[in-house]
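Q: What follows is a single structure, and I will ask about it in a moment.
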Amino acid sequence: MTAARHRHLRAVPSDRPASPPQPVDVPAVLSRETLLNARDGDPVAFAQLVRTYYPRCLRFAQHLLSSREDAEECVQDTFVRVHRALHRYEERERFDAWLFRILANRCRTARRRLTRWRLFHSADLDRVTPISTSRVDGFVARDEIWHALGGLTEEQREAFLLRHVEGLTYEDIAAVAGIAVTAVRMRVSRACARLRDTINEADAERRDR
Amino acid sequence: MQNDEIDSSLQPWVDRLRELPESDPRAVKRVLARVRQYDGLHNARRRALRRYFARQGGWWAAAAVVVVGAGITLFARGAVLSRARESATLIPTVDSVGTQLVTQAVDAAGDDSVERLVARKFTIESLNARQVSLVGDFNQWNPQRHRLHRDGKTATWYITVELPAGLHKYAFIVNDSVWTTDPSALRTVDRDFGVTSSLVLVQ
């Protein structure tokens with residue numbers, strides 16, 4: 001990454017202070033005790049579980065589905081399913097990996113449904129709004145990110161988000177996607193390469209302007 | 001650096017992607033409400049099923065009794081049949097247990113039925129036999145009188161003979177040399193000659 005590129009990205013119009021945002025850490029995971037209580041049917045513990053994981057789930061679903069409403073619907077479905085299947089969860093597996101497996105399945109289903117729906121309602125296609133594009137900060141604009149993510153295949157996007165945004169291990173992602181670890185590495189690698197290309201192209205366009 | 005790792009060009013993008021969406025407490029409440037709604041439906045369905053079974057309890061209990069009873073009957077019948085089959089093959093002679101049986105059979109046949117002829121089929125399984133004869137007190141133990149026929153290519157040999165009512169002793173002679181009793185019939189030992197014969201009751 002060159003300094004020039006950073007400077008260029010900072011030049012994007014901003015309505016916020018131009019200081020680079022601090023990376024947001026993954027929220028604190030649920031304590032083991034709360035998780036076990038939720039598994040045993042404690043409603044208070046389950047509410048705590050939802051509060052802890054809801055933002056991460058919504059973030060992931062939004063990035064995959066590009067629509068806040070669909071993402072919220074998917075996340076709600078996911079938590080209902082989690083509630084139904086929580087007694088089957090075994091401690092040897094990471095809880096967030098287990099949760100994201102359910103969520104990813106729901107997102108894939110929703111995406112297929114949306115694709116079909118859009119095929120028959122092509123006139124409404126333009127009305128489907130991606131993640132809010134109005135928020136632009138001093139570093140990277142949201143619409144740029146959306147454009148870059150849109151250049152990835154669905155599988156690449158899912159693998160990239162799980163690895164670098166949600167912080168799952170390659171083994172966990174392999175379990176989520178139902179593929180081999182090497183295939184996950186390949187997907188993430190291709191996603192990174194594709195994103196770099198997109199960033200470079202965007203930079204070149206700006207320089208030309 | 002590996003190609004799948006985040007370098008400085010991607011880092012700001014990933015940082016931006018990691019930003020959590022604006023928290024909406026109502027969304028979490030909606031999720032919990034939906035879970036409770038599902039729970040309520042689930043429990044209601046479970047309660048309805050329990051009520052249904054309670055209401056239909058009498059019928060279900062009766063059906064269960066019938067099924068269990070039929071099962072026990074079938075099981076017992078199977079056990080009795082297998083024991084009977086086992087004992088039929090193991091009964092050695094009429095001398096010990098069968099004397100009384102023979103007496104009863106003769107009494108049952110009755111004196112007035114001596115002249116009546118009844119067709120009776122005799123069968124024996126013998127794969128290697130070339131020829132099988134039926135001998136008995138009804139043909140004066142003559143092996144030439146009743147030759148058995150082979151049932152196609154199978155090992156079954158058979159013959160149907162008309163016999164007068166009463167109790168008869170008989171045996172098979174395989175290949176004109178081997179004296180063989182009927183494995184499916186009672187057997188008796190002739191005290192005079194010391195050979196074992198089978199018994200058939202015609203009535």
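Q: How much FRET efficiency would the formula 1/(1 + (r/R0)^6) give for A:Tyr89 and B:Arg150, where r is the Cβ-Cβ distance and R0 is 56 Å, rounded to 0.05?
A: Numbers: r = 70 Å, r/R0 = 1.25.
According to the calculation, E is roughly 0.20.
Q: Counting other beta carbons within 10 Å of each residue's own, what order do B:Lys29, B:Lys121 fall into, fewest first?
A: If I rank by nearby Cβ atoms, fewest first, I get B:Lys121, B:Lys29.
Q: As a footprinting exposure proxy, order B:Ile6, A:Ile145 by other Cβ within 10 Å, with the fewest listed first.
A: Ordered by Cβ neighbours within 10 Å, fewest first: B:Ile6, A:Ile145.
Q: Starting from the 7 Å offset along Cα-to-Cβ, what nm value, one decimal, do you get for the label separation of B:Arg36 and B:Lys121?
A: Here the modelled spin labels are 7.8 nm apart.
Q: Now a separate question. What share of Cα pairs, in percent, lie more than 11 angstrom apart in segment B:11-54?
A: 74 percent
Q: Amide H to amide H, which residues 5 or more places from B:Leu163 or on other chains are under 5 Å from it, using H placed in the peptide plane?
A: Placed amide hydrogens put B:Val118, B:Ala119, B:Arg120 under 5 Å from B:Leu163.
Q: Something else about it: Tell me, B:Leu199, B:Leu117, A:Leu161, A:Leu36 in order of fewest to most beta-carbon neighbours within 10 Å? Kindly include the intermediate steps, with their values, before the conclusion.
A: Values: B:Leu199 22, B:Leu117 11, A:Leu161 26, A:Leu36 14.
Exposure proxy ranking, most exposed first: B:Leu117, A:Leu36, B:Leu199, A:Leu161.
Q: Still on this structure: Obtain the nm distance between the two label points defined at B:Leu20 and A:Ala183 by a simple spin-label model: each point lies 7 Å from its Cα along the Cα-to-C-beta direction.
A: 3.3 nm
Q: Eigenvalues of the Cα gyration tensor times 5, then square-rooted: what semi-axes does that give for segment A:38-120, in whole angstrom, largest first?
A: 25, 12, 11
Q: Below 8 Å between Cα atoms, with a sequence gap of 6+, how large is the relative contact order for segment B:135-201 in percent?
A: Reported relative contact order: 27 percent.
Q: Another question, then. Work out from phi, with θ = phi - 60° and the Karplus expression 6.51 cos²θ - 1.76 cosθ + 1.60, the ³J(HN,Hα) of each residue of segment A:150-161, listed in order in whole Hz, and give x for Gly and Pro.
A: Values, residue by residue: x, x, 8, 6, 4, 5, 5, 5, 4, 5, 4, 5 Hz.
Q: Shifting gears a bit: Give the average, rounded to an integer, of partner chain Cβ atoms located within 10 angstrom of each Cβ in B:117-128.
A: Rounded to a whole number, the mean comes out at 0.
Q: Once phi is turned into θ = phi - 60°, what whole-Hz ³J(HN,Hα) does the Karplus curve with 6.51, -1.76 and 1.60 give for every residue of segment A:92-108, x standing for Gly and Pro?
A: Taking θ as phi minus 60°, the curve returns 5, 9, 5, 5, 5, 5, 4, 5, 5, 5, 5, 5, 4, 4, 4, 5, 4 Hz for segment A:92-108.
Each reported figure results from applying straightforward, stated rules to the coordinates on display, with no laboratory input. This one's a predicted model, so the numbers in the text were calculated from it and none came from an experiment. When we count neighbours, we look across all protein chains shown, and the Cβ atoms used for this are built from the backbone with ideal geometry, even at glycine.
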